[in-house]
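Report on the following structure.
The values are calculated or read from the model by the stated rules, or taken from the named source; none is laboratory data. Bear in mind the structure is a predicted one, so any value in this text is a computation, not a measurement. Cβ: placed from backbone, ideal geometry, glycine included. Neighbour counts: every protein chain shown.
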Amino acid sequence: MYCYAPMEYFIELTFSGLTRGSIYALIALGYTMVYGIIGLINFAHGEIYMIGAFTALIASSVLTYLGLPLPAILILAALAAIIWSAAYGYTMEKIAYRPLRDAPRLSPLISAIGMSIFLQNYVQLAQTADYLPFPALIPEFDFLEPYAGIVGSTDLVILVVSALGMIGLMLLIKYTRTGKAMRATAQDKKMALLLGINVDRIISITFIIGSGLAALGGVLIASHIGQINLYIGFIAGIKAFTAAVLGGIGSIPGAVLGSYILGLTEAFATGYVSSDYEDVFAFSLLVLILIFRPAGLLGKATIEKV
Amino acid sequence: MLKTFKIVSICAAVAFATALAFAGEPIKIGVAGAHSGDLASYGLPTLKAAQLIVKDINANGGINGSEIELLIEDEACKPEIATSTATKLVSSGVKVVIGHICSGATKAALPIYRDAKVIAISPSATTPDLTQSGDYPNFYRTIGSDAVQARYVVDFTLHTLKAKKIAVIHDKADYGKGLAEYALKFIKDSGEAKVVLFEGVTQGAPDYSAIVQKIKRFRADAVIFGGYHPEASKIVSRMRQKRLSIPFISDDGVKDDTFIKVAGKYAEGVYATGPADVSQSPIGIEYREKFKQSEGKEPGAFFDNAVTATLALTNAIAKAGSTDPKAVATALHNEEVDTPFGKIKFDDKGDPIGIGFSIYQVQEGKYVQVQ
C-alpha cells in the first residue's frame, strides 16, 4: 500500500515501540523494586520522576549559565537530579511508609496516593503549573544522521541506559552483600531481622536506588520530549506501573520485558490499526496476560504467608 | 435526595439573590475560569481584563449608580470543579457570569446557569454545540466557534498551502476532536483534497513517534492538528526530528506563546488560527496598555476577547437597567457595543456577529499574522 516499503515501516514502528518501552522501563524498575522488597505499590514514584526532571532543569540552567559543555551539563544535571530525588525517596519512605509498615496493606497504599498529591501540589506552588521547555541535553550524534527518520539519538540513549540500568540492578541484587540482604528482606522480613540484617536500612536503600533510577529517567525522558510540567509523572507512572504488572511486579527483568511489550503493542496498534485504540490494545493485552499468568509474565506466584 | 437538596438550595439562593437586588446592593458579576493549574495561562488574562474594566466603571460611578462587584472563582479548566464553582456563584446571587474559559468546563457549568437563569458569556469556549445545539439559550461567547475556526484552517490549507493529502490529528478531547471533525467534514465536502489519516492521540503520552511514522507512511503533505499546545509541541518536534517537514496547521489552543517557548526551534513555520489581530484598534490598545502598566508584561491568550465580553456584558446591563436575564439578553442581541473587534452584537444562538479569525505563523520565535 502507498509505495512505501512495509518492512521499513515495520522497523520504524519497532523503534517507536522500543523508545516508548524503554521510557516505561526506566520508571517501571523503581516500582518493581519497591514492590519486591516491601510489597507496596509506591504511587508517588511518578512524582519522584517528575521532581528529578525539575531538579535537572534547574541544575542545567545554572550550569548552562556557567558555560559548561553539553555532555558535562548532562552528567552533572543527571547527578544532581539523582541525588536530590534519592533524598526525596528516602524521606518519603521514612515519613509516609515506615510508620505504616505493620498497618493493614491498604493504609500505606492510601498514604502513597496522598504523597503523590502532596508532591504534585508542592511542585505547583514551589515552581509553576506552566509547561516549561526542557533543554535538549542529549547531543545529536552525527553517525545517526542517515537513520534520523528511524531512530534519534535520544531514543538510542534511553534504550541503552534502560538496558544498563536493568543489568546493573540485577548484578547488584545477585552479587553484592546489599543485594543478598535485599533478597533476604524480600523473602522474610522477620527472619532477616533475626539474622542480623538491618531491615530498615535495606528498605531505605531500596527507595534510594529506585528514586535515583526514576530521576535518571526523568532527565532523559524530559530531554527527549523537550517539556515538563507537574503532571508528567502521572500518566508515565500509570503506564510504567501497568508495564511492571504485565511483566510480573517484583521481578526486575519482568519490568523491562513488560515495558517493551507495552511499548511495542502501543506502537503497532497505532501503526497498523489506529492510535484511537492504542490504550484499548495495551490494556486488553494486560487483561489477557493476567488471565493466563496472574503473577505476570516473569512473576513468581507466591502463596500468601499466614 | 441530593438532587432535591440541590434544587432547594438553588431556589433558596435565587430568592436570597432577588432580595439582595431589591436592596440596591452592588451588581455582582461572576468571573470563572482557570486561574491556577497548567491552563492558567488561558484564564488569567480574562480575569485581569474584567478587573481592569470594572475598576474603570466603578471609578466613573458604576452602572446606573451601582458599583460592580466581581466574584472570582477558579476551576482550573476541570469540568468536575466547574460544576461546584457554578453552583457556588449561583448561590452567592450572581446573575451574570464572565466565563468559563475551556469548553469542557463551560459545558459542565452551563446546565446549572440555565436552571438558575444566569447569563454566561465566555471569551474562549469554542465548542460549536454550546450555542448551536440550542440547549443553552442563556450562553453567549465573544469568540468564533470551532466550526468557524475549522473553516478558516481548512480554507487556508486547501487554497494557500494547496495541500492534497491531509492528515487530521486530534487529542481526543472535546475541543480538539470537535475541531478536527469539522475540518474532516469541510475537507470532504470541498472535494479538493483527501484526508489520508484521521486519528486521535493519547494526551500526556511520552512519545508520539508511532503516529509520526504513520503520517509519513501515508505521505500526507500537511497535518491539521486539533488540540492544545503540549501535544502539538511534542508532535511537531517528533515530526521535525524524523525529518518530516510538511506544514503543521493548528488552532488557537496552539496560538499561545507557551507553545513557542516549549517547542523552541521546532515551532518555526507552524501555522495556527487565532482571533483576528486587533493590535490597531484604539480600545484594544487602551486596555493592553493598562494591562502592561499593572502587570509589566504583554497580556496573554484571549485578552481581547475577554475585554470584548466584559464590555458587551456591562453595556448590556447598563442598557437593560438591571441584571434581569431577559432584559440583558435582549440588550446583548440588539444593542451594538464598541469593542477591540469593532462593533459587535450577538445572533439568536449567542454567537458573536463581527468577530473572525486570522491565520498566524511562527516566524523567528513570534506569531506573525499571515492571512
Given the options B:Ile317, B:Ile353, name the one that is more than 20 Å from the chain's Cα centre (by Cα) and either loosely packed, with under 15 Cβ neighbours inside 10 Å or assigned by TED's automatic domain parsing to the domain that holds B:Ala120 (or both).
B:Ile317
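Listed here are the residues, each with its yes/no results for (1) among the hydrophobic types (A, V, I, L, M, F, W, C); (2) under 25 Å from A:Gly263 (Cα atoms); (3) surrounded by fewer than 24 Cβ atoms within 10 Å (Cβ to Cβ).
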residue: A:Ser22; (1), (2), (3): no, yes, no
residue: A:Phe43; (1), (2), (3): yes, yes, yes
residue: A:Gly52; (1), (2), (3): no, yes, no
residue: A:Leu70; (1), (2), (3): yes, no, yes
Assigned to a loop (DSSP other than H, G, I, E, B) and under 19 Å from the mean Cα position of the chain (by Cα): is that true of A:Phe43 in this structure?
yes
Is it the case that B:Ala210 is free of Cβ contacts under 8 Å to residues at least 24 places away in the same chain and among the small types (Gly, Ala, Ser)?
yes
All conditions in (1) closer than 17 Å to B:Gly226 by Cα; (2) more than 21 Å from the chain's Cα centre (by Cα); (3) more than 14 Å from chain A (Cβ to nearest Cβ) are true of B:Gln280 except (1)
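Here is a yes/no grid of residues against (1) free of Cβ contacts under 8 Å to residues at least 12 places away in the same chain; (2) closer than 27 Å to B:Cys77 by Cα; (3) surrounded by fewer than 16 Cβ atoms within 10 Å (Cβ to Cβ); (4) of a type in the set (S, T, N, Q):
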residue	(1), (2), (3), (4)
A:Leu79	yes, no, no, no
A:Ala86	no, no, no, no
A:Gln120	no, yes, no, yes
A:Ile138	no, no, no, no
A:Asp142	yes, no, yes, no
Among the candidates B:Thr131, B:Thr106, B:Thr126, which residue alone is free of Cβ contacts under 8 Å to residues at least 60 places away in the same chain and either assigned by TED's automatic domain parsing to the domain that holds B:Glu25 or out of contact with any strand residue (DSSP E or B) (no Cβ under 9 Å at 6 or more places or on another chain) (or both)?
B:Thr106
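The rows are residues; the columns are (1) of a type in the set (D, E, K, R); (2) over 30 Å from B:Ile53 (Cα atoms); (3) buried (at least 18 other Cβ atoms within 10 Å of the Cβ); (4) at pLDDT below 95.
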| position | (1), (2), (3), (4) |
| --- | --- |
| B:Tyr228 | no, no, yes, yes |
| B:Glu231 | yes, yes, yes, yes |
| B:Lys234 | yes, yes, yes, yes |
| B:Gln241 | no, yes, yes, yes |
| B:Ser245 | no, yes, no, yes |
| B:Asp251 | yes, no, yes, yes |
| B:Val254 | no, no, yes, yes |
| B:Lys265 | yes, yes, no, yes |
| B:Val278 | no, no, yes, yes |
Name the residue, out of A:Ser204, A:Ser259, that is assigned to a helix (DSSP H, G or I), touching a residue at least 40 places away in the same chain (Cβ under 8 Å) and farther than 24 Å from A:Ile83 by Cβ.
A:Ser259
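Which of the strands (runs of 3 or more DSSP E) found entirely inside the stretch B:276-371 contain at least 1 residues meeting this: under 19 Å from B:Asn138 (Cβ atoms) and touching a residue at least 12 places away in the same chain (Cβ under 8 Å)?
Result: B:337-339, B:342-346.
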What pairs come up if the first residue lies in the stretch A:37-66 and is aromatic (Phe, Trp, Tyr), the second is not in a helix (DSSP H, G or I), and their beta carbons are under 7 Å apart, counting only those six or more places apart or on different chains?
A:Phe54/A:Gln127; A:Phe54/A:Ile228
Considering (1) within 26 Å of the chain's Cα centre (by Cα); (2) within 14 Å of chain A (Cβ to nearest Cβ), say which one B:Arg219 fails and leave the rest.
(1)
